[in-house]
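Since the structure comes first, as structure tokens, the remarks are kept for the end.
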Amino acid sequence: MIADEIEKLKSEIWQEFENIDSLSELNNFRIKYIGKKGVITSYLKKLKDLTLEEKKRLGKELNQLKADIETRLKQKEKEILFKEEDKEVGLDLTLPGRRVFLGAIHPLSQIIDELCAIFSRLGFEIVTGPEIETEYYNFTALNIPDWHPARDMQATFYLKNGAILRTHTSPMQIRTMLERVPPLRIIAPGKVYRCDADVRHSPMFHQIEGLMVDREVSFSDLKGILTYFAKETFGEKTKVRFRPSYFPFTEPSVEMDIGCVICNSKGCRVCSYTGWLEILGAGMVHPEVFKAVNYDTEIWQGFAFGLGIERIAMIKYGIDDIRLFFENHLYFLESFK
Ligand code: FA5
């Protein structure tokens, strides 16, 4: 019976359809079943010997089958084209996704940003300058002559052409004052270099230099601004003290300590049982420094300070080995996210 044959044909067609996997297989299938000389056309021709009623019923069934095949072939064609495109660009959507690792800002950069923001609020402008310096800017103009023992205080890296790696950010005082006219208020963050290495000292480390020059700048301004900075950085309750010190480029010179934030000033290993931690050096700009940049000392006064960023970061985060900042251990760095 032709009706039974058509039923059998249908199941054969859909079984074969499932196995189509490429455009050429798809074309062969199309020609085989719905082409001009295809299987369905030949069945349609066979209908002419049947009764009118059977012709109508089976004719409708065969035409519907043809239409279904066409629709599903179009769909299949799209799927195959997508797959081939993916293969070309090497994309396999069945692979599990790759985890995206988000980076974190380095703790030292975080501290630099934080400190710059504090001084910006006080009207200090941020300036930067070269890490390769001349002895003139790094020493001579800062009242550290050739013979001065302070040149030994900072173990200097000398380069072949007589240049040096700056040992502190203080040359930025000279560069700024030569470039600008007072009044001025700047901070200069950056890398500095000394031949120095242990758990608290690194051959490359970071400092922030500060300089304020105006007609009436006093030691009280220095104390007020640096106390504000300490409280903003370490907390409102932080105690500060100023101790006399010596720098060739400031007079008088001081060092500022904060009450140890680790033991709450009770005395611990970190503060060598003194209850205090030294965080920066500062002082009133020495008249010899003003002379080097041709600022009239009868008119202008100023103060300067310099602090070590790593030291601030170590105190703030309770880190006891400076080398951790530079060894790029992800485990360490990710804890600052
Ligand atoms: C100076 O470098 C002066 N230029 C600071 C200054 C500026 C004083 C302006 C007055 C006016 P000192 O050598 O003390 O000072 O260094 C400043 C800070 O740098 C130190 O308190 C310390 O925190 C840090 N420091 C010094 N050597 C190292 C090192 N090798 N590794 C890490 N930090 C260091």
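Per-residue answers, yes or no, for (1) in contact with a strand residue (DSSP E or B) (Cβ under 7 Å, 6 or more places away or on another chain); (2) within 10 Å of the ligand (Cβ to nearest atom); (3) open to solvent by less than 10 Å² (accessible area, probe 1.4 Å):
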{"residue": "LYS291", "(1), (2), (3)": "no, no, no"}
{"residue": "GLU298", "(1), (2), (3)": "no, no, no"}
{"residue": "ILE309", "(1), (2), (3)": "yes, yes, yes"}
{"residue": "ILE312", "(1), (2), (3)": "yes, yes, yes"}
{"residue": "ILE319", "(1), (2), (3)": "no, no, no"}
{"residue": "PHE325", "(1), (2), (3)": "no, yes, yes"}
{"residue": "HIS329", "(1), (2), (3)": "no, no, no"}
{"residue": "LEU333", "(1), (2), (3)": "no, no, no"}
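Given the residues VAL199, VAL181, VAL192, VAL213, which is the only one that is away from the ligand (no atom under 16 Å from the Cβ) and either within 18 Å of PHE247 (Cβ to Cβ) or open to solvent by 50 Å² or more (accessible area, probe 1.4 Å) (or both)?
VAL181
Cβ-Cβ under 9 Å, sequence separation 6+ or interchain: first residue in the range 229-255 and open to solvent by 40 Å² or more (accessible area, probe 1.4 Å), partner more than 14 Å from the ligand (Cβ to nearest atom) and acidic (Asp, Glu). Which pairs?
Pairs found: GLU232/GLU114.
What pairs can you find where one residue is in the range 289-318 and within 26 Å of LEU333 (Cβ to Cβ), the other is among the basic types (Lys, Arg), and their Cβ atoms are less than 9 Å apart, with a gap of 6+ or different chains?
Filtered contacts from the range 289-318: GLU310/ARG200; ARG311/ARG200; MET314/ARG200.
Is one or more of the residues making up the range 105-127 under 18 Å from TYR246 (Cα atoms) and open to solvent by less than 70 Å² (accessible area, probe 1.4 Å)?
Restricting attention to the range 105-127, the residues satisfying the condition of being under 18 Å from TYR246 (Cα atoms) are none.
The answer is no, given that none of the residues of the range 105-127 is under 18 Å from TYR246 (Cα atoms) and open to solvent by less than 70 Å² (accessible area, probe 1.4 Å).
Just give me the residues in the range 157-171 being open to solvent by 10 Å² or more (accessible area, probe 1.4 Å) and either within 12 Å of the ligand (Cβ to nearest atom) or in contact with a Phe, Trp or Tyr (Cβ under 6 Å, 6 or more places away or on another chain) (or both), in sequence order.
Of everything in the range 157-171, those that are open to solvent by 10 Å² or more (accessible area, probe 1.4 Å) and either within 12 Å of the ligand (Cβ to nearest atom) or in contact with a Phe, Trp or Tyr (Cβ under 6 Å, 6 or more places away or on another chain) (or both) turn out to be PHE157, LEU165.
Give ARG185, ARG200 a once-over and let me know the one that is assigned to a strand (DSSP E or B) and among the basic types (Lys, Arg).
Checking each option against the conditions leaves just ARG185.
For the range 79-90, what are the residues that are open to solvent by 90 Å² or more (accessible area, probe 1.4 Å) and not in a helix (DSSP H, G or I)?
Within the range 79-90, VAL89 is the sole residue that qualifies.
The values are calculated or read from the model by the stated rules, or taken from the named source; none is laboratory data. Source: prediction; values computed, not measured. A quick note on method: Cβ atoms are made from the backbone with ideal geometry, for glycine too, and the neighbour counts reach across all protein chains shown. Heavy atoms of the whole protein, side chains included, go into the accessibility calculation; ligands, DNA and RNA do not. Shrake-Rupley method; radii C 1.70, N 1.55, O 1.52, S 1.80 Å.
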